[in-house]
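Accompanying notes for the structure given below.
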Amino acid sequence: MATNRQPDHPWKDMDNEQLLKSAGLYKKDFNSQKEGYTRACALLFGKDDVIQSILPHYKTDLILRVKDAERYDDRDDIRTNLIDSYDRIMAFVTKHLPSPFYLDGDIRKDLRAILFREITVNLLMHREFTNHYPAKLVIEHDRLVTENGNKPYICGNINPDNNTPYPKNPTIAKFFKEIGWAEELGSGVRKISKYAKIYAGHEPILTDGDVFKLDWKINLFNKTDNNITSKVSITPCDTVGDTVRDTVRDTVLEFCQEPKKAAEIMKHFGYSNKSKFLKNIIYPLISSGTLQQVYPDKPSHPNQKYVTTRN
C-alpha cells in the first residue's frame, strides 16, 4: 500500500521487523529494558484474539436503521484490526449509501468515497482505545451519526476555522498517512465541511468531548426528494468521456419521469451545445428504448418533449 502511493518508499526494501521498527510499532521500554510490539502494532496487524486479549471492550458497531427504526435493517459488529476494519466500514457504506454523479469543473469525483474515507479514518485513528465506549456508525432515515470514545482537546464544536490539528494516536496517524489513508492533520475536517452539504444537503456537526460525535442530518432516503443527483451541483462540460456520459444518461432518465423539453434538460445538467447533447445523450437513450419522444412521428415538433419509458 505504501509503495502504491510512493514507488520508492523506504519500506519497499525492509523486512517485517525493520518496517515495524521504522513505523514505531516495535519499541524498547526504557524503564523495563524490554523490547516488543506496541499496542498500536496489535491494533493495526493483530489477530482478533490478540486484540481482544489486550482490549476486550474494543469494537466498531455499524448499524442501518432506515426501514426498521426500532431494531435495525443491517448490522456489522467489527472486532478486527484497523486495516480490515477500514475495509469493512467502507463496504458497509458502499452497500447502503448512494454514490451520486458529481463533477467539480470537468473532473468527476466520488463524493461518497471522499467523505467516508475521512469519516472512517477519523473513527479509527482518533479514538481513545482505553475508553470502553464502543465506536459506532449509525445510518438512519434522515440522520447519520458516528461516535467513539475520546480524550477531548478542544471540548466543543469543531469547524475548519477553529480546528487545531492534534493527533490523538500519532503512531497510527503516521502509519495511515504512509499507506495513503490520511493526509496532513486538519484536512479531514475541511473536506467533510466542503463536500457533506453537496452530498446530503446538510453539514454535519462535529463535537469534541469525552465522546467524539459526528451528527449529520441527511436526505438520502426521502422519497419526496427527486433523486440525490438532483441535489448535487452538476456542471458537466459538453465533451466528456464515456463513463461520465453513461452516468449523465442515467440521471437524465431520473429527471425525465415527467416529459421535459430538450432545453429544460440541458439547463438542468449544464449543457450548452444542443447538437452534441442530443447526439451523445438523448439519441442513445431513445435508441435503447429507455427514453421516448412525446411526438415520435414529428421529431422536430416545436413542443417536442422527452419522457422516460415505464420499463
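The values are calculated or read from the model by the stated rules, or taken from the named source; none is laboratory data. No experiment lies behind these values; they were computed from the predicted model shown. Here Cβ is always computed from backbone atoms with ideal geometry, including for glycine, and neighbour counts include all displayed protein chains. We work out accessible area using only protein heavy atoms, side chains counted, and drop any ligands, DNA or RNA first. Shrake-Rupley method; radii C 1.70, N 1.55, O 1.52, S 1.80 Å.
If I ask for residues that are free of Cβ contacts under 8 Å to residues at least 60 places away in the same chain and either of a type outside the set (A, V, I, L, M) or more than 30 Å from THR38 (Cα to Cα) (or both), which ones from the range 50-66 would you list? Can you show your working first?
Initially, the range 50-66 is screened for residues free of Cβ contacts under 8 Å to residues at least 60 places away in the same chain, giving 50-54, 56.
Residues satisfying the conditions are GLN52, SER53, PRO56.
Of all residues in the range 88-117, those satisfying the criterion of being open to solvent by less than 20 Å² (accessible area, probe 1.4 Å) and part of a helix (DSSP H, G or I) are ILE89, PHE92, VAL93, LEU111, LEU115, PHE116.
Per-residue answers, yes or no, for (1) out of contact with any strand residue (DSSP E or B) (no Cβ under 9 Å at 6 or more places or on another chain); (2) at pLDDT below 95:
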residue: ASN4; (1), (2): yes, yes
residue: LYS12; (1), (2): yes, yes
residue: ASN16; (1), (2): yes, yes
residue: LEU20; (1), (2): no, no
residue: LEU25; (1), (2): no, no
residue: ASP29; (1), (2): no, yes
residue: SER32; (1), (2): yes, yes
residue: GLU35; (1), (2): no, yes
residue: ALA40; (1), (2): yes, no
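Failed condition for SER85, given (1) in contact (Cβ under 8 Å) with a residue 40 or more places away in the chain; (2) open to solvent by less than 30 Å² (accessible area, probe 1.4 Å), with all others met? Among (1) in contact (Cβ under 8 Å) with a residue 40 or more places away in the chain; (2) open to solvent by less than 30 Å² (accessible area, probe 1.4 Å), SER85 violates only (1).
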